[in-house]
1. Give the residue that is least open to solvent (accessible area, probe 1.4 Å), with candidates limited to residues of region 223-253 that are in contact with a helix residue (DSSP H, G or I) (Cβ under 8 Å, 6 or more places away or on another chain) and outside any helix (DSSP H, G or I).
2. Report, ordered by the first and then the second residue, all pairs with beta carbons closer than 7 Å, sequence separation of six or more or different chains, a first member in region 5-18 that is of a type in the set (S, T, N, Q), and a second member that is part of a strand (DSSP E or B) and open to solvent by 20 Å² or more (accessible area, probe 1.4 Å).
3. Has region 135-143 got at least one residue that is in contact with a strand residue (DSSP E or B) (Cβ under 8 Å, 6 or more places away or on another chain) and open to solvent by 10 Å² or more (accessible area, probe 1.4 Å)?
4. For region 172-214, which residues satisfy the criterion of being more than 30 Å from Ala254 (Cβ to Cβ), touching an Asp or Glu at 6+ places or on another chain (Cβ under 8 Å) and not in a strand (DSSP E or B)?
5. I need a count of the residues in region 10-23 that are open to solvent by less than 60 Å² (accessible area, probe 1.4 Å) and of a type in the set (D, E, K, R).
6. Does Thr71 meet the test of being at pLDDT 95 or above, within 21 Å of Asn24 (Cα to Cα) and hydroxyl-bearing (Ser, Thr, Tyr)?
Amino acid sequence: METIHYEQKGNLAFITLNRPDAMNAFNYDMLAELGQVAEAIRINPDIRVVVFTGAGDKAFSVGADLKERKTLTQDQVKRNIYKIGEVFTTIENLPQPTIAMINGYAFGGGMELALACDFRIVTDDTLLGLTETSLAIIPGAGGTQRLPRLIGEAKALELILTARRLKSSEALDYGLVTRMASSSDLAQVTGEFADSILANGPIALQQAKFAIKHGMNADMQTGLHIERKAYEITIPTEDRVEALLAFGEKRKPAFKGR
């Protein structure tokens, strides 16, 4: 692949948006390749945590490739909007926990990719925002839906209707990002956070994510039912038995995802 770089280190997968000369803007080829990678990860039992980042040191992604956009027909623009929405929903629905390692500007679709991830870790010297209304359009890859669910309706309206670009520290205050680190420490902070997740039972991680994600869109009683069913999946696993044995033997468990 030319626009996406993929690497797997143990149980950790790294996906890098690889168009640094274009500030990692999304053209159609990048969206298609990102969708292929996400689908492959979804069915890979060896991958337990996924990290998304951008190539270079300027941008995570500045969103849609506006140079490409100017050459597209209205039908092609609709095609791109459908594709980016489809791909980001696939990423949101990955069973594995996902982390956006935001190493630079995250605007428009770049911010929407980060919102589709479970966690966002950002450098302390960048800017983030859903800036689409400044281009006379609206967020079209989930931003109008995921942002208010994350930070609340009023704050989401403020940020989207003003097209405001937030400093990293402001994004942290808004609850938009999970962690903040210096550029030199970003990879280490992200790695340590990923390791804190990887230390736990992989089936339990997936079922906990499933219960939270699906329960949030249901009433309390339905959510409790979803939680109970997710818990039941962990009961017959080898990992649950291993955790009990390790506890009794005062050692770290060796989880196998079975």
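1. Going through the qualifying residues, I end up with Thr237.
2. Close Cβ pairs satisfying both conditions: Thr16/His5; Asn18/His5.
3. Of the residues in region 135-143, the ones in contact with a strand residue (DSSP E or B) (Cβ under 8 Å, 6 or more places away or on another chain) are none.
The answer is no; no qualifying residue exists.
4. Within region 172-214, Ser182, Ser183 meet the criteria.
5. 1
6. Working: at pLDDT 95 or above: no; within 21 Å of Asn24 (Cα to Cα): yes; hydroxyl-bearing (Ser, Thr, Tyr): yes.
Judged against the criteria, Thr71 is not a match.
Quick grid of which residues meet (1) buried (at least 21 other Cβ atoms within 10 Å of the Cβ); (2) closer than 25 Å to Phe193 by Cβ:
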residue	(1), (2)
Glu2	no, no
Gln8	no, yes
Ala25	yes, no
Leu34	yes, yes
Ala40	no, yes
Ile47	no, yes
Val50	yes, yes
Thr53	yes, yes
Lys58	no, yes
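The values are calculated or read from the model by the stated rules, or taken from the named source; none is laboratory data. Just so you know, these numbers come straight off a predicted model, no measurement behind them. With ideal geometry, Cβ positions are generated from the backbone for all residues, glycine too; neighbour counts draw on all protein chains shown. Ligands, DNA and RNA are excluded from the accessible area calculation, which covers all protein heavy atoms including side chains. Shrake-Rupley method; radii C 1.70, N 1.55, O 1.52, S 1.80 Å.
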